[in-house]
1. Which residue is farthest from the chain's Cα centre (by Cα), if the candidates are limited to region 305-324 and must be surrounded by fewer than 18 Cβ atoms within 10 Å (Cβ to Cβ) and closer than 28 Å to Gly481 by Cα?
2. Given region 385-477, what helices (runs of 4 or more DSSP H) lie entirely inside it while holding 1 or more residues that are under 23 Å from Leu215 (Cα atoms) and charged (D, E, K, R)?
3. Test Lys239 against the stated conditions and say whether it is in contact with a helix residue (DSSP H, G or I) (Cβ under 8 Å, 6 or more places away or on another chain), within 30 Å of Ile474 (Cβ to Cβ), modelled with pLDDT of 95 or more and of a type in the set (D, E, K, R).
4. Taking the condition under 27 Å from the mean Cα position of the chain (by Cα), of a type in the set (Lys, Arg), exposed (fewer than 15 other Cβ atoms within 10 Å of the Cβ) and on the phi < 0 side of the Ramachandran plot, does Lys375 pass?
5. Quick one: Val278 ticks every box in (1) more than 30 Å from Glu207 (Cβ to Cβ); (2) in contact with a Leu (Cβ under 9 Å, 6 or more places away or on another chain); (3) crowded, with 19+ Cβ neighbours inside 10 Å bar one, so which box is it?
6. Is it the case that Leu445 is touching a Ser or Thr at 6+ places or on another chain (Cβ under 7 Å) and either of a type in the set (A, V, I, L, M, F, W, C) or surrounded by fewer than 15 Cβ atoms within 10 Å (Cβ to Cβ) (or both)?
7. Given the options Leu477, Leu426, name the one that is buried (at least 19 other Cβ atoms within 10 Å of the Cβ), modelled with pLDDT of 95 or more and within 25 Å of the chain's Cα centre (by Cα).
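The values are calculated or read from the model by the stated rules, or taken from the named source; none is laboratory data. Note that the coordinates shown come from a computational prediction; the quantities given were computed from them, not determined experimentally. Virtual Cβ from ideal backbone geometry, glycine too; neighbours counted across all protein chains shown.
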Amino acid sequence: MKGGDYNNQVFKQLQAVMEKCDDLSQEIKDIKKEHKKEFLELEAKHIKEIDNLNNKIDLLEEENAGLKIENQKLRDDNDRLKKQINNNSNNSSKPPSSDIKKNIPNNREKTTKKAGGQKGHKAHFLSKKVVEEKINNKEFEHEIIHMGKVSEKYTSKYILDTRISIVAKEYRFYPNEEGKIIIPKEYKTDVQYGTNLKTVCAVLNTEGIVALDRLSDFVSCISYEKINISKGSIVNFMKELDNKSQYIIDNIKGNILNSELLNTDATTARCENRNICVRTYSTKKLTLLVPTYGKGKKYIEETNILNRYTGNLVHDHETVMYNYGNKHIECNVHVSRYLKGCYENTQNRWALKMRSFLCSLNEYRKKLKSKEIFKLGKRQLERYSNRYDELLEQGYLENKKVKSKYLRKEEKRLLNRLKKYKENHLMFLYDFNMPFDNNLSERDLRHVKIKQKVSGHFNSMEGIKIYLDIKSIIGTLKKQGRNFYKEICNIYENIPVEI
């Protein structure tokens, strides 16, 4: 084959291939044109599906974030409820009456003290010598009962007893020089009850916390049903005692305002179908109980006591108290309970160590006072202060590892409180005249809860005020070692009682 023929043949083949390519390109264009709409529809459909899926993902992410928040809240709520269930009078500020005894073990801590009366405790026992002295001094009635045949030789034994007798005292009023019979107001009725009966009723109703109906039955029983006294009469006895003793309440207030150290605390009581507040102002020799409609600053200043007080205050971390007085002493027994509860919930060792540290300092101070040492050296105080700070630092480190957000927050609140009020918690160490706790106030308030259990509630603010006034007087007389029965008789008889 010649070269020219070969080239022509190749050219023709190439030309045929190119024509075929053109035909295929055209065919592709035709197919694309034919299916373009279908492609667009599929593309739009896919885009829409992708958008829907993206929206679902966004919704699921948003829902997941919400569930995480809700889950955390439920966890916190669960921790809070668990803490609330585990709280009792030994690890929180809850009263012992709220404890579920069957679920709470004996939380009394071991002590090295022996059972029975401690060293220095004043013993009380019956002595034959004392009885015979009182018989000779006509303080006791003497009644002889012969057991067996009477002779000069005998052995005597004494039984002390009481006798209930009803005395009808007749008061005869005679005319004066002008021929007039003047009768004082207290004798306005022909028959009334005497001082001893009034005092018994007042003491049993307040100090004995005996309900009015049971008290009425009691008087009827001990008088062999010869005196049937009404509940209204007993209420009138209380009102009379309260009216006659207002000068004593004023004297207690005045002495409290002049005291260098004052313990205060408050509790709730039910009155007039609502919760009210009963606050105590206590010293070692005085007790004053006051009812108010609330616990806040407004109601505190209505009593006109703390806003005039300039001494040192002991309280249970009531921050409103820092508006009054001079120095402030925080109750370490209360914070000790919180530390115990903190350890039980978080298992963080700092809380247990801090509790042991504070209690051991108090025991050490007692030993020093028994040896008539009433002050610590500067280096000792500095060492104890540094130890306090070390325990707090350990607490903050352990707090960061607590998984529960709620418990971590609660523990940190306690740490911050101990840090901020360090001086107030260690005041008993810097000044041995300052107490370690506020137990004095708690003891003076305890009867309010017992009274409420017996009566259920107080009917009026007037009624609870009368009750608290009488309890204030009895509490004060007991602290001063005086016979409160005799002094209440004196109040009824209008004989001045000095506080």
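1. Thr310
2. Details: elements: 405-420, 422-425, 427-430, 439-455.
By residue number, 439-455.
3. Numbers: in contact with a helix residue (DSSP H, G or I) (Cβ under 8 Å, 6 or more places away or on another chain): yes; within 30 Å of Ile474 (Cβ to Cβ): yes; modelled with pLDDT of 95 or more: yes; of a type in the set (D, E, K, R): yes.
It is true that Lys239 is in contact with a helix residue (DSSP H, G or I) (Cβ under 8 Å, 6 or more places away or on another chain), within 30 Å of Ile474 (Cβ to Cβ), modelled with pLDDT of 95 or more and of a type in the set (D, E, K, R).
4. Working: under 27 Å from the mean Cα position of the chain (by Cα): no; of a type in the set (Lys, Arg): yes; exposed (fewer than 15 other Cβ atoms within 10 Å of the Cβ): yes; on the phi < 0 side of the Ramachandran plot: yes.
Taking the combined requirement at face value, the residue does not satisfy it.
5. The one condition Val278 does not meet is (1).
6. Working: touching a Ser or Thr at 6+ places or on another chain (Cβ under 7 Å): yes; either of a type in the set (A, V, I, L, M, F, W, C) or surrounded by fewer than 15 Cβ atoms within 10 Å (Cβ to Cβ) (or both): yes.
For Leu445, the condition - touching a Ser or Thr at 6+ places or on another chain (Cβ under 7 Å) and either of a type in the set (A, V, I, L, M, F, W, C) or surrounded by fewer than 15 Cβ atoms within 10 Å (Cβ to Cβ) (or both) - is met.
7. Numbers: Leu477 fails: within 25 Å of the chain's Cα centre (by Cα).
Every option except Leu426 fails the conditions.
Residue-by-condition table, conditions (1) free of Cβ contacts under 8 Å to residues at least 60 places away in the same chain; (2) in a loop (DSSP other than H, G, I, E, B); (3) under 26 Å from Glu487 (Cβ atoms); (4) out of contact with any strand residue (DSSP E or B) (no Cβ under 8 Å at 6 or more places or on another chain):
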position: Ser151; (1), (2), (3), (4): yes, yes, no, yes
position: Ser156; (1), (2), (3), (4): yes, yes, no, yes
position: Leu160; (1), (2), (3), (4): yes, yes, yes, yes
position: Ile166; (1), (2), (3), (4): no, yes, yes, yes
position: Glu170; (1), (2), (3), (4): yes, yes, no, yes
position: Asn176; (1), (2), (3), (4): yes, yes, no, yes
position: Ile181; (1), (2), (3), (4): yes, yes, no, yes
position: Asp190; (1), (2), (3), (4): yes, yes, no, yes
